[in-house]
1. Contact order normalised by length for the chain, with contacts defined as Cα pairs under 8 Å and 6 or more residues apart; what percent is it?
2. For the chain, what is the mean residue ellipticity at 222 nm derived from helices alone (per DSSP H run of n ≥ 4: -39500 (n - 2.57); sum divided by total residues; nearest 500 deg cm²/dmol)?
3. Note down the nm distance, to one decimal, between modelled labels 7 Å out along Cα→Cβ at Met1 and at Ser29.
4. Please list, ordered by chain and number, the residues whose modelled amide H lies under 5 Å from the amide H of Ala31; skip anything fewer than 5 residues away on the same chain.
5. Under a point spin-label approximation (7 Å from Cα along Cα-to-Cβ), what is the Ile57-Lys43 distance to one decimal in nm?
6. If you rank Met1, Met94 by fewest surrounding Cβ atoms within 10 Å, what's the result?
7. Using the number of other C-beta atoms within 10 angstrom as an exposure proxy, rank Tyr19, Tyr101 with the fewest first.
8. Can you give me the distance in nm between label points at Ser75 and Arg121, each placed 7 Å from the Cα along the Cα-to-Cβ direction?
Amino acid sequence: MAAILLVEDEPSNRDIIVYWLTREGHQVSVAIDGVQAVTMARKLHPDLIVMDLGLPILNGWQAIQRLKTLPDTHSIPIIALTAYVMSEERELAMAAGCDEYETKPVDFSSLLEKLNMLLARTQVNKSDSQDA
């Protein structure tokens, strides 16, 4: 079970993603804008963040850049979740600091595959740093 911060402003998208992630056994916290995402990430230190890019107040790209520059959140893996499907949008998200990119409508098997891969990588990195 992982602690996941889902950042999604659209209620129906948010509800279905929370449903699927909790069904997989994850503990899910929710933020609805980029400012709230940064605040909650710093407070909760989730294992992973799923971040919509088209957010109010502070958009997803800006929130990701902020999280990746802060010492207490820079190593949290982030999956960008967006309706933007152009290749340059993916490149911008990755340049902002995302570890993976998933388009909407969400393909849950693909999202879960990316999520599990990033969580496994994080666990390996944690055990390597504990061994050092």
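Where a number appears in this text, it was derived from the coordinates with a stated rule and is not lab data. This one's a predicted model, so the numbers in the text were calculated from it and none came from an experiment. Neighbour counts run over all protein chains shown; Cβ positions are idealised from the backbone, glycine included.
1. About 21 percent, as a whole number.
2. Values: 5 runs with 68 residues, N = 132.
Estimated from H runs of four or more residues: -16500 deg cm²/dmol.
3. So the label points at Met1 and Ser29 sit 1.6 nm apart.
4. The list, which skips near neighbours in sequence, is Leu6, Val7, Glu8.
5. Label at Ile57, label at Lys43, 1.1 nm between them.
6. Fewest-to-most Cβ neighbours within 10 Å comes out as Met1, Met94.
7. Values: Tyr19 12, Tyr101 20.
Listed from fewest to most nearby Cβ atoms, that is Tyr19, Tyr101.
8. For the pair Ser75/Arg121, the computed spacing is 1.5 nm.
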